[in-house]
Each structure stands twice: as C-alpha cells, then as structure tokens.
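Here the structure is laid out as structure tokens; the discussion comes afterwards.
The values are calculated or read from the model by the stated rules, or taken from the named source; none is laboratory data. Here the structure is a predicted model, which is why all the values come from computation and not from measurement. Note that each Cβ is placed from the backbone with ideal geometry, even for glycine, and that neighbours are counted across all protein chains shown.
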Amino acid sequence: MKPVLDVTAVSMNFGGLRALNEVQLEVQSGEIVALIGPNGAGKTTFFNCITSIYEPTEGEVWFTPRDGARTKVNGLKPNLVTELGMARTFQNIRLFKNMSVLENVMIARHCRTKTGIWGALLRSPGVLREEKEIVDRSYELLKYMGLHKFYKELACNLPYGAQRRLEIARALATDPTLLLLDEPAAGMNPQETETLKHLVFKIRDEMDMAILLIEHDMSMVMSLSERIYVMEYGCLIASGTPSEISSDPRVIKAYLGEEAHA
C-alpha cells in the first residue's frame with residue numbers, strides 16, 4: 001500500500017543555515033502520526049516544505065490523494081497542493097478575523113468549486129446550486145466542530161479555543177486526504193485539549209483521513225499517535241511507537257528531559 005505522504009531525504013537551507021537535514025517520514029492512510037521536538041527543531045519548516053510554501057533544497061515530497069495518483073509536490077504552488085488533498089492549520093492562528101465564522105469556512109470551500117468567471121457573472125442555475133452547496137457544507141462543518149452557534153460572529157470575537165477549532169473546520173472544508181495540524185492544542189486549557197483530542201479521533205475515523213500533527217503537549221501526543229517522529233536541530237533522531245519513543249534515551253535527553261521521564 002502506498003503511503004499518503006512519503007518524504008525522502010528532505011533538506012532545507014536558508015543561506016548558510018541548514019534548517020532541515022535529510023528528513024525522512026511517511027504517513028499511511030488512516031494513521032495519526034506526531035512530529036515532536038524542541039522549539040527551533042525545524043518542525044514548522046518541515047510542514048512548509050510538505051505544503052510547498054518552501055521548496056526543499058534537496059529531497060522529494062510525494063503525496064497520494066484518494067484517487068491513488070501519486071504526485072511529486074516539489075515545485076507545485078501551495079494552492080495546487082491544497083487542491084490535491086493536503087490541508088493544514090498554522091502554529092499562529094491565521095483566520096480572516098473581520099469576516100464571519102461561516103465566511104471563513106466558505107472561503108476554503110471554494111477550492112472544490114467549478115464555477116468560472118462567466119458563470120459567476122451570469123449567475124447561472126449551476127452557480128446558484130454551487131453557492132448553496134458551499135453554504136450548506138460550511139455550516140455542516142461548523143456544526144461538526146461545535147461552532148454552528150457562532151456562525152454569524154466575527155472570527156475575532158470567538159474564544160481562543162474556538163478559533164483553533166475554526167481553523168480546523170476551514171482546513172476540512174477543502175476535503176483533504178491528509179490533515180496537517182501545527183500545534184493545535186497550543187494555548188488551550190486541559191478541558192479544551194481533551195475536547196480537541198476526541199475531535200481528532202472523530203475526524204480520522206469518520207472522514208477517512210490521515211493526520212500528521214506537531215504538538216508539545218506530550219500527554220496528547222502519546223494518547224493520540226500511532227507513530228511518532230522526533231526532531232532535533234533539523235534532523236530526525238528517533239521514530240517509533242509512543243512506548244518506544246517514551247523510553248528512547250536520545251529522546252529523553254533531547255526533549256522529554258531526564259527529570260520528567262523519571
């Protein structure tokens with residue numbers, strides 16, 4: 001079986017700085033995989049290479065959407081990567097804060113529409129049907145994420161945890177095969193984190209997608225992930241199951257900490 005995501009020896013240089021050094025990673029269909037490591041390890045840079053915000057200096061990123069057509073992502077524009085079926089959230093929330101909650105999700109849904117400029121200008125029946133589908137599907141996703149009661153609110157007025165969930169709803173609106181979550185629990189309280197954990201399982205199981213997440217909350221990582229990759233200074237230093245990672249001396253030294261492990 002082809003992996004949904006297959007990253008081979010990806011390196012990323014910024015001038016004389018080597019931010020990533022021959023990183024290899026794969027995600028299988030239906031898996032929840034975590035990428036962990038200390039701040040500055042290169043995790044978000046890696047996400048940016050996967051989603052074609054950066055083009056890797058070396059190596060290859062291969063993505064296999066639901067239609068089975070394995071595609072090399074290197075050099076593609078980010079919007080084309082989204083259309084292929086890869087969606088992400090960001091470490092720092094990037095909502096359209098002065099648009100409504102519903103409009104934030106509707107914008108993402110437009111990548112799945114077929115309306116051209118003439119159809120939009122002429123307001124054909126097909127265009128009107130498509131617009132209704134966008135509104136209906138966007139509201140459905142808000143309901144799925146427990147946000148439908150806020151649909152008319154400006155995104156900037158949502159509580160912090162709800163803004164995080166809205167970002168995920170917006171990513172889901174693109175109908176992804178692979179969902180990338182960059183520190184989804186950052187800034188959340190324990191109750192919000194527990195709710196998010198159940199939502200991630202629900203998304204994987206009910207929407208048939210693979211999930212790759214960056215996260216510092218080790219309790220969440222260990223309870224969510226089937227496999228974990230660990231980065232330090234732009235290099236992968238370990239990979240394995242949660243039990244293997246939690247007992248790996250290199251991981252304990254680099255990230256978990258001797259005292260925390262004890």
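Structure values in brief
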{"read-out": "Test: residue in the range 182-194 that is hydrophobic (A, V, I, L, M, F, W, C), part of a helix (DSSP H, G or I) and buried (at least 19 other Cβ atoms within 10 Å of the Cβ)", "value": "no"}
{"read-out": "Test result for Met106, over 17 Å from the mean Cα position of the chain (by Cα) and modelled with pLDDT of 85 or more", "value": "yes"}
{"read-out": "Hits in the range 84-114 (condition: charged (D, E, K, R) and surrounded by 18 or more Cβ atoms within 10 Å (Cβ to Cβ))", "value": "Arg88, Arg109"}
{"read-out": "Any hit, the range 29-51, residues being in contact with a helix residue (DSSP H, G or I) (Cβ under 6 Å, 6 or more places away or on another chain), in the same structural domain as Lys197 (by TED's automatic domain parsing) and among the hydroxyl-bearing types (Ser, Thr, Tyr)", "value": "yes"}
{"read-out": "Residue match in the range 153-162 (condition: within 28 Å of Gly42 (Cβ to Cβ), in contact with a helix residue (DSSP H, G or I) (Cβ under 7 Å, 6 or more places away or on another chain) and either crowded, with 19+ Cβ neighbours inside 10 Å or without any contact (Cβ under 8 Å) to a residue 40 or more places away in the chain (or both))", "value": "yes"}
{"read-out": "Pairs, first of a type in the set (A, V, I, L, M) in the range 179-208, second loosely packed, with under 15 Cβ neighbours inside 10 Å, C-beta under 8 Å, six or more apart", "value": "Ala186/Gln91; Met188/Tyr160"}
{"read-out": "Residue count for the range 73-103, restricted to those that are at pLDDT 90 or above, within 28 Å of Gly187 (Cα to Cα) and aliphatic (A, V, I, L, M)", "value": "6"}
{"read-out": "Verdict on Ile93 being aliphatic (A, V, I, L, M), assigned to a helix (DSSP H, G or I) and touching a residue at least 40 places away in the same chain (Cβ under 8 Å)", "value": "no"}
{"read-out": "Residue ID - nearest to Pro3 (Cα to Cα), chosen from residues in the range 195-223 that are in a loop (DSSP other than H, G, I, E, B) and of a type outside the set (Asp, Glu)", "value": "Met209"}
{"read-out": "Set Leu212, Leu199: member being within 22 Å of Pro65 (Cβ to Cβ) and either charged (D, E, K, R) or assigned by TED's automatic domain parsing to the domain that holds Val27 (or both)", "value": "Leu212"}
{"read-out": "All positions within the range 80-100 that are out of contact with any Ser or Thr (no Cβ under 9 Å at 6 or more places or on another chain) and either over 20 Å from Lys43 (Cα atoms) or of a type in the set (Lys, Arg) (or both)", "value": "Arg94, Leu95, Phe96, Lys97, Asn98, Met99, Ser100"}
{"read-out": "Neighbours by Cβ (under 8 Å, 6+ apart or cross-chain): first from the range 140-151, farther than 13 Å from Ile168 by Cα; second of a type in the set (A, V, I, L, M, F, W, C)", "value": "His148/Leu142; Phe150/Val101; Phe150/Leu142; Phe150/Leu158; Phe150/Ala162; Tyr151/Val101; Tyr151/Leu102; Tyr151/Leu142"}
